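The values are calculated or read from the model by the stated rules, or taken from the named source; none is laboratory data. Every value quoted in this text rests on a predicted model; they were computed, and no experiment measured them. Ideal geometry is used to build each Cβ from the backbone, glycine not excepted, and the neighbour counts take in all protein chains shown. All accessible areas refer to the heavy atoms of the entire protein, side chains included, with ligands and DNA or RNA removed. Shrake-Rupley method; radii C 1.70, N 1.55, O 1.52, S 1.80 Å.
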Amino acid sequence: MRTSLAACVAGILLILASVPAIAHHSFAAEFDANKPVKLTGSVTKVEWMNPHTWFYIDVKGEDGKVTNWGLEMGSPNGLMRNGWTRNSMKVGDVVTVEASRAKDGSNNANARTVMLASTGQRLFAASSQNEAR
Amino acid sequence: MKCAVALLAIVIAVSATVFAQWPKYPEANAPRDAQGRALMDGATPRTDGKPDLTGDWVRADRDPPPAELKGILGGGARGIPVEPPTQPFPPDPKAPPLATFWDLGTNLPGGLPLTSTAAEVKKKRMAADSKDNPDANCMPMGITQFHMQPQPRKIIQTPNLIVITYEANYGLRYIYTDGRRLPPQGEPQPWWYGYSVGRWEGDTLVVETNNLRGAESGPYDGWLDVRGSPYSEQAKFTERFRRPTFGKLEIDVTVEDPKSYTKPFTVRINQRLLADEEPIEFVCNENQQFRSRIKVD
């Protein structure tokens, strides 16, 4: 019984794991998988555009200084297939983002997860590396 | 049994929720079960006495990403599904090795039979983190990369012409089935998509393509996969398409390219029908920032 339960759980995990995100860019050329960053801030702009959606957030540092970060996600068609719409995230929303920083040290990153602070709802980032092009 | 039900529920839930483009518009002639779902195991549709390959197709198999991207996928940071949900078909012992998206020859015994010239090209491409990958630059991909790209493709079959449109980068191939012959190799101007003719051998559509632009043509040319396994202007591709059931498309791709490979090789690409779905617009160059961001341009 225990074995079949384990097999079932493994099967479920396999299904969930077997549908990774779409992506466009050569992730490794632009971002560093070993530079994770977690940011919370207010959305200032959303570019719901091909080949990749970008959004920008104002992040307040411990010194009170505000920095604007650019965050890349998947393509709109990929996000739509995951249930996003162009209205899923709006200017003014406060979000928490887990991302990988740009290699060049700029305030850009590739978002893996996006959570809406108001509801705790996890919007999926569909980061651009998983099926990376 | 409960497990099977749970798995089925997940598949259905995922299938039902992730598609939100065109409103659902059921295909008129699809075989369906009592719940109205298209029967993937249903009979192969036919037209003019031949299997009809028309439909929207998405790759059925996926391979894990290469080592340089492992870090980002580990530790619970896995990206989220946005690719249309599909599952692999049961293994087919008679099939050629399954093609792999990242590096085409992963399942070939000994890997791709690269010539020293091709190995050098691939090494350079990988050393540059595949920045010239045509997919990342909104350019046409090689036939194998196009077939395995996560975005779907639509095949439109008419009596004398088969068209394949790829959602990714708006790829477009014309395959003439009107009896014309392939142009002699080296004669016409090489094209991104080459020149393709098709003929039926029983229920198998055999498509031959030559006179392609190759790795010597430009940085985005001649890519078989994400890691830049090259092909040259001398390459000839032979694709064998079969649709054994309503929901399955098998494509066996043979690459002959003496400049890049010491011998021909063949890989299998399985596709699953996206019933009742349509492609989503993808205008790649709308806001392309990749090359400026990585300071290439």
Next item on the list: Using per-residue counts of other Cβ atoms within 10 Å, averaged over each peptide, order B:155-161, B:265-271, B:168-174 from highest down.
Entry: B:265-271, B:168-174, B:155-161
Next item on the list: Assign one of three labels to chain B, namely rounded, prolate or oblate, based on the Cα gyration tensor with a ≥ b ≥ c the square roots of its eigenvalues; rounded applies when a/c is under 1.5, prolate when it is not and a/b is larger than b/c, and oblate otherwise.
Entry: oblate
Next item on the list: Would you mind giving the mean number of other chain beta-carbons within 10 Å of the Cβ of each residue in B:194-205, as a whole number?
Entry: 0
Notebook entry, point to check: When ranked by the protection proxy of mean other Cβ atoms within 10 Å per residue, highest first, what sequence do the peptides A:108-115, A:79-86 form?
Noted result: A:108-115, A:79-86
Next item on the list: List every residue whose amide H lies under 5 Å from the amide H of A:V59, counting only residues 5 or more places away in sequence or on a different chain, with H placed 1.01 Å from N in the peptide plane.
Entry: A:T67, A:N68, A:W69
Next item on the list: Leaving out ligands, DNA and RNA, calculate the buried accessible area for the pair A and B with a 1.4 Å probe, summed over both sides, in Å² to the nearest 100.
Entry: 4600
Check: When Lys and Arg each count +1 and Asp and Glu each count -1, what net charge do the other residues less than 9 Å away from B:N270, Cβ to Cβ, add up to?
Finding: +1
Checklist line | Lys, Arg +1 and Asp, Glu -1 on Cβ, resulting dipole of chain B about Cα centre, debye, nearest 20 | finding: 480
Notebook entry, point to check: Between the stretch B:222-265 and the stretch B:49-63, what's the alpha-carbon centroid distance in Å?
Noted result: 16
Checklist line | Averaged over B:87-95, number of beta-carbon atoms from partner chains that fall within 10 Å | finding: 1
Margin query: Taking the solvent-accessible surface of protein heavy atoms with a 1.4 Å probe, what is the per residue accessible area of chain B in Å²?
Written below: 45
Check: Roughly how many debye, to the nearest 20, is the charge dipole of the stretch B:175-283 about its Cα centre, given +1 on each Lys and Arg Cβ, -1 on each Asp and Glu Cβ, and no other charges?
Finding: 360
Item checked: Paramagnetic reach from A:K103 in the stretch A:43-70 [backbone N under 11 Å; point 7 Å along Cα→Cβ] -> none
Checklist line | Fully extended contour minus Cα-Cα distance, from B:E286 to B:E27, at 0.36 nm per residue | finding: 90.1 nm
Next item on the list: Report relative contact order for the stretch B:138-294 in percent, whole number only (criteria: Cα-Cα under 8 Å, sequence separation at least 6).
Entry: 18
Check: Hey, got the average number of other protein chain Cβ atoms within 10 angstrom for residues in A:68-75?
Finding: 3
Margin query: If you average the alpha carbon positions of the stretch B:123-177 and of the stretch A:89-117, how far apart do those two centres end up, in angstrom?
Written below: 30
Note to self: From the phi angles alone, apply the Karplus equation (6.51, -1.76, 1.60; θ = phi - 60°) to the stretch B:242-251 and give each ³J(HN,Hα) in whole Hz, x where the residue is Gly or Pro.
What the structure shows: 9, 10, x, 9, 4, x, 10, 10, 10, 10
Margin query: Heavy atoms only, 1.4 Å probe, whole protein assembly: order A:E72, B:E278 by accessible area, highest first.
Written below: B:E278, A:E72
Checklist line | Members of A:K103/B:K154; A:K65/B:K123; A:K65/A:K103; B:K24/B:K50; A:K35/B:K123 lying beyond 32 Å, as alpha-carbon distances in this model show | finding: A:K103/B:K154; A:K65/B:K123
Check: Given R₀ = 45 Å, FRET efficiency for A:D58-B:D203 by Cβ-Cβ distance, to 0.05?
Finding: 0.15
